[in-house]
Each structure stands twice: as structure tokens, then as C-alpha cells.
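Visitor: Below is the structure I would like to discuss, written out as C-alpha cells.
Derivation of every value follows stated rules applied to the coordinates shown; laboratory data play no part. Keep in mind that this is a model prediction, so the values were computed, not measured. Note: ideal-geometry Cβ built from the backbone for every residue, glycine included; neighbour counts use all protein chains shown.
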Amino acid sequence: MQKSPQLTDRHVDPRNYPPGVAYMDGQYLPIQEAKLSVLDYGFLHSDATYDVAHVWNGAFFRLGDHLERFFRGMGELHMNIPYSKTQVAEVLHNCVALSGLENAYVEFICTRGTSPNFSRDPRDAENRFIAFAIPFGSVANEEQMKRGLHMAVTDVLRIPPSSVDPTVKNYHWLDMVKALYAAYARRADTAVLLDAHGNVSEGPGFNVFAVKDGVISTPDLSVLLGVTRQTVFDLCTEAGIQCNAQDISVAELMAADEVFVTSTAGGVMPVSRIDGQPIGAGDVGLLSKRLMALYWQLHEDDTYREAISYSKSSRL
Ligand SMILES: *Cc1c(COP(=O)(O)O)cnc(C)c1O
């Protein structure tokens, strides 16, 4: 068969991959060698759940919370893997240690997997566990962190909880991608989607927060219960700041003094404009700045840290 060099080189050239290490089908592999069967239902049907934890300065942050959410998600989706939480944690530690990365984005996935003779009954499939560590990435780049993200409120509805449970982290992303294209067409950096009642839900991989008169709020329904979202609740409790999980209308979002978004990929990230309108003074708000600082300080707290032992393994 004739190969098309322009097309295939992109997919096999190791220079097109970030550095990193994956674990799949019982083996540790350089990231560019971690490949999946096209017959895996994780790929064909987005039939999968996953989680993303991060490593900062050589230690996992709140890994236990990510593992908890991942195992709960697998339970909800009737998936099983032959590893305990402790064993998954060990695989994740090994991926990071083998990669040598001090700051890493660590994703772990359970797909429905493949089934004998391509049976369409999900109960026949053998679920597959995959994990990988690549360099830490952020929703907002350095410039956006400084000036605040420019967000668009799209009319795209987040897939409703009655269709796909948003509290199970999933790859039903076509609504997110549609919203991103709508946002780019309006020269925004990113998008926020709405719930079935027209209230704010979440954006591509992040939760949304609004600040009004010193009180913080974030949607409670139609959203993933983010670990970073939980960290904001915890920081607010500690600092005596009121933070409520409640509906936020689009009008309330636009009229907020400050808006920020949260994700494992980037932490607390400021929003300075929505639909071209400045939020507050149109720069990074004071409370947002304070929470950003507190968030990174918390990474030094031993309660949440799990150090990687890099010396045990030689780099892959
Ligand atoms: C992962 C994710 C978030 C953020 O959750 P964190 O645990 O804070 O990273 C928010 N919304 C969606 C849809 C996500 O997939």
C-alpha cells in the first residue's frame, strides 16, 4: 500500500509529541508509543471516564480526591479494572518518575475497551486502563493569566445531566468544541456553556466562579464537581470568604465584580472580559489574585502533597 508521507509522518514523528510516559496494557511506554485499537469503544463511542491530576514541584496535589472521583465514575458506568486505588496511584507515580517531569499533567482513563467479535453489548467488553504523564499544561497561557481570559457566553447548552452525568468526568466534548468555535468566531479565548435553564454551567475543562460584593458563587448543577472548585471552597472557608454553590444567571455573570475559572490544568485563572465587556475594572480582580496565590501556597501543605520518588526509576 502506498503511504502518504505528509499524513503519516505527523503521527509517528516523536518530535510531534510532548515528552512523557504512558502505561497501557500492562506496560510503561514512551508517550509516542502509547496507541489504542480503533475498535476500543472509548474511541468509537466516547465510552470512557477519566481524571486528570497534577504534579507540582515533584509532588502530586490532592491525588486521593482524583482517585476517589475516578473510581466513583467507573462504578457509575459499570466499568471494572483489575487495579485497586493504591495500585492506580502506584502506576501514576511510576509514570511521573519515569518521565522525570517535576511539573506534570497526569491523566488516567478507563475505556469500555474492546469486545470479542466486536459485540455491541457493552457488558461483553473488557475495560481498559490507560495512564500517562506529560508536561503540566494550563487552560490559560501566561499572557491570559496576566490580562485575564476573554470569555464568550455561547448559546451552546451543556449536554443535560439526564443524558450524561456531568459529575462523571467524560469525553462528551462536542458541545464544548462547538462552544469553542463559537467563541473564536467572536475573538474570545474560551467559552462558557449554559444549562437547560439558561444559567451558567461550565466551560471546556473548567468550572466558573463569579464574585459580587465580596461573596463568591459557582454553579452546582450541570457541572463536574472539580477538585480545584473544591479547593476554592476550602480556601474560602479558611479565609472566612463566603462561597456558595448556586445558580448563576448570564446577567449575574456579566454584572459580577470579578469572574474566574478553575481547573487542574492551570488552577485559579482570571477572566477579565465577557462578550467584549469588561468585568469589574476589566483586569484581574483582587479576590481572584488572592485566591490564585493561596491556591499555589496550598501546594506546600503536606496534607495535600504526595512526593514522587524519582530516584527509584531510570527515565524512560
Ligand atoms: C476536569 C473538568 C473540570 C475541572 O475539574 P478539576 O478537577 O478542577 O480539574 C471542570 N469541568 C469539566 C467538564 C471537566 O472535565
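Visitor: Could you state the per residue volume, in Å³, of the convex hull enclosing the Cα atoms of the chain?
Guide: On the way: hull volume 48.1 nm³, N = 316.
Taking the convex hull of the Cα positions in the chain, it is 152 Å³ per residue.
Visitor: Of 291, 36, how do they rank once you tally other Cβ atoms within 10 Å and put the fewest first? Can you show the working numbers first?
Guide: Numbers: 291 27, 36 16.
Least crowded to most crowded, the residues run 36, 291.
Visitor: So, one more: Can you list, by residue number, the Cys in the chain that have no neighbouring cysteine C-beta under 4.7 Å?
Guide: Taking the Cβ cut-off of 4.7 Å, the unpaired cysteines of the chain are 95, 110.
Visitor: Return the loop-located trypsin sites (Lys or Arg not before Pro) in segment 106-137 (DSSP other than H, G, I, E, B) with at most 12 other Cβ atoms within 10 Å of their own Cβ; answer none if there are none. Intermediate values should be presented prior to the final figure.
Guide: Details: sites: 112, 120, 123, 128; in loops: 120.
Passing both the DSSP loop test and the Cβ count: 120.
Visitor: Oh, and also: To check my understanding: the extent here is largest minus smallest coordinate of the Cα atoms along each principal axis. What are those three numbers for segment 115-154, in Å, largest first?
Guide: Cα spread of segment 115-154 along its principal axes, largest to smallest: 53, 30, 12 Å.
Visitor: Still on this structure, I have one more. What number, rounded to the nearest 500 deg cm²/dmol, is the helix-based mean residue ellipticity at 222 nm of the chain, given -39500 (n - 2.57) per DSSP H run of at least four residues and division by all its residues?
Guide: Estimated from H runs of four or more residues: -8000 deg cm²/dmol.
Visitor: How many percent of all Cα-Cα pairs in segment 21-135 sit more than 21 Å apart? Walk me through the intermediate numbers first.
Guide: On the way: 2304 of 6555 pairs.
Tail fraction, whole percent: 35.
Visitor: Based only on other Cβ atoms within 10 Å, what is the fewest-to-most ordering of 95, 243?
Guide: Details: 95 29, 243 19.
In order of increasing Cβ crowding within 10 Å: 243, 95.
Visitor: Further, regarding this structure: Can you list, largest first and rounded to whole Å, the semi-axes you get for segment 142-300 by taking the square root of 5 times each eigenvalue of its Cα gyration tensor?
Guide: Largest first, segment 142-300 gives 22, 18, 15 Å.
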